[in-house]
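The values are calculated or read from the model by the stated rules, or taken from the named source; none is laboratory data. Just so you know, these numbers come straight off a predicted model, no measurement behind them. No Cβ is skipped: glycine too gets one built from the backbone with ideal geometry, and neighbour counts run over all protein chains shown.
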């Protein structure tokens, strides 16, 4: 039981040592000065450690400091060495964690937003504080304002904060329990309905492709190619000529641009090959280069913003570029009657459970060729609105 209270600390005047429990004492000197002392055992010897004056350190803070130093001593460390080490601020810890994780991420956008999220919602609140002084209450103050209205962002922030404090604890900069662990019961449960990327109905795709064909921009060619290959945005935008085997008609997307981190082979339809012919000569490396060059003068891939602008100009801002993958999938099921595993392989999705995946290692390239060929003809309006696929 704690023996001291904030009022008692204020009212005590007689010189002496007043115990609070667990080795924490309030010491009052002959001149009336008050300070905190932690009496503990370090490497088998009793030590008295000063925790600061009572006018600057509250009872609650003294208890928290004492608890942290007792833990250091209990784990075999030296509390004095721990205290004398320069404190790492929360933001310094964040930048250290970011620098370590950055090379492991395939997505540049994820790397950018990872740091931006922590900076926007946590840095201004406790970025300059020593990380060991950040508490669950501080974490809660960063999450609460956005928890209900921006729950996805809040959950990402929560995960990133947990990662930062896990690292700090492991590196010896944070002697307490991860403060993120304590916020769960303090935050309300937010029910979210599953959201899908807005997609174009598959039977509208040929007309839209005809509309894109009238535009002479690189972004229009990129979107045509993306639709014809059922690729993701970054896969198409980042494509390089070295990835294409024109003899076999195969585009191999490297692992670093794939969501699953596994290279993906795409059989190219004549329509997709025709798009590539139109952009040959624009750049020796990038297939769909941005019109804006990097600061060093080198070419760079287009950003995903070009698609947003293109959808606005074509009056289809009611859909998303990623939604064209759904358009393809719906067409493959409803019109082409393609086998599920073939359609899923075309989208670079996994098939079956872990055991099935372990035995089924083929990417079904030969079975995907006729499917992508039929999709190319459909997009070009060469087979009306219904295409029947013959199962092989």
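Key figures
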quantity	calculated
Residue list for the stretch 153-177, restricted to those being at pLDDT 85 or above and either closer than 12 Å to residue 94 by Cβ or over 20 Å from the mean Cα position of the chain (by Cα) (or both)	157, 160, 161, 163, 164, 165, 167, 168, 169, 174, 177
Candidate set: the stretch 290-321, residues that are more than 13 Å from residue 223 (Cβ to Cβ) and touching a strand residue (DSSP E or B) at 6+ places or on another chain (Cβ under 8 Å); chosen: the one surrounded by the most Cβ atoms within 10 Å (Cβ to Cβ)	301
Residues of the stretch 19-33 satisfying the condition of being surrounded by 11 or more Cβ atoms within 10 Å (Cβ to Cβ) and either within 18 Å of residue 56 (Cα to Cα) or out of contact with any helix residue (DSSP H, G or I) (no Cβ under 8 Å at 6 or more places or on another chain) (or both)	19, 20, 21, 24, 25, 26, 27, 28, 33
Odd one out for residue 246, checked against (1) surrounded by 13 or more Cβ atoms within 10 Å (Cβ to Cβ); (2) closer than 22 Å to residue 379 by Cα; (3) touching a residue at least 12 places away in the same chain (Cβ under 8 Å)	(1)
Matching residues, the stretch 209-228, being in a helix (DSSP H, G or I) and free of Cβ contacts under 8 Å to residues at least 24 places away in the same chain	213
Output for the stretch 45-83, where each listed residue is over 42 Å from the mean Cα position of the chain (by Cα), farther than 15 Å from residue 23 by Cα and surrounded by fewer than 16 Cβ atoms within 10 Å (Cβ to Cβ)	53, 55
Flag for residue 55 being in the same structural domain as residue 16 (by TED's automatic domain parsing), farther than 15 Å from residue 175 by Cβ, touching a strand residue (DSSP E or B) at 6+ places or on another chain (Cβ under 8 Å) and assigned to a loop (DSSP other than H, G, I, E, B)	yes
Matching residues in the stretch 262-316 - criterion: being assigned to a helix (DSSP H, G or I) and either farther than 29 Å from residue 204 by Cβ or under 27 Å from the mean Cα position of the chain (by Cα) (or both)	305, 306, 307, 308, 309, 310, 311
All positions within the stretch 320-336 that are in a loop (DSSP other than H, G, I, E, B), under 13 Å from residue 227 (Cα atoms) and touching a helix residue (DSSP H, G or I) at 6+ places or on another chain (Cβ under 7 Å)	321, 322
Every residue from the stretch 69-89 that is in contact with a helix residue (DSSP H, G or I) (Cβ under 7 Å, 6 or more places away or on another chain), modelled with pLDDT of 85 or more and assigned to a helix (DSSP H, G or I)	69, 73
Tally of residues being more than 21 Å from residue 79 (Cα to Cα) and not in a loop (DSSP other than H, G, I, E, B) across the stretch 18-40	3
Filter result (closer than 17 Å to residue 179 by Cα, in a helix (DSSP H, G or I) and touching a residue at least 24 places away in the same chain (Cβ under 8 Å)) within the stretch 104-132	118, 121, 122, 123, 126, 131, 132
Check on residue 231, assigned by TED's automatic domain parsing to the domain that holds residue 342, within 24 Å of residue 320 (Cα to Cα), assigned to a helix (DSSP H, G or I) and out of contact with any helix residue (DSSP H, G or I) (no Cβ under 7 Å at 6 or more places or on another chain)	no
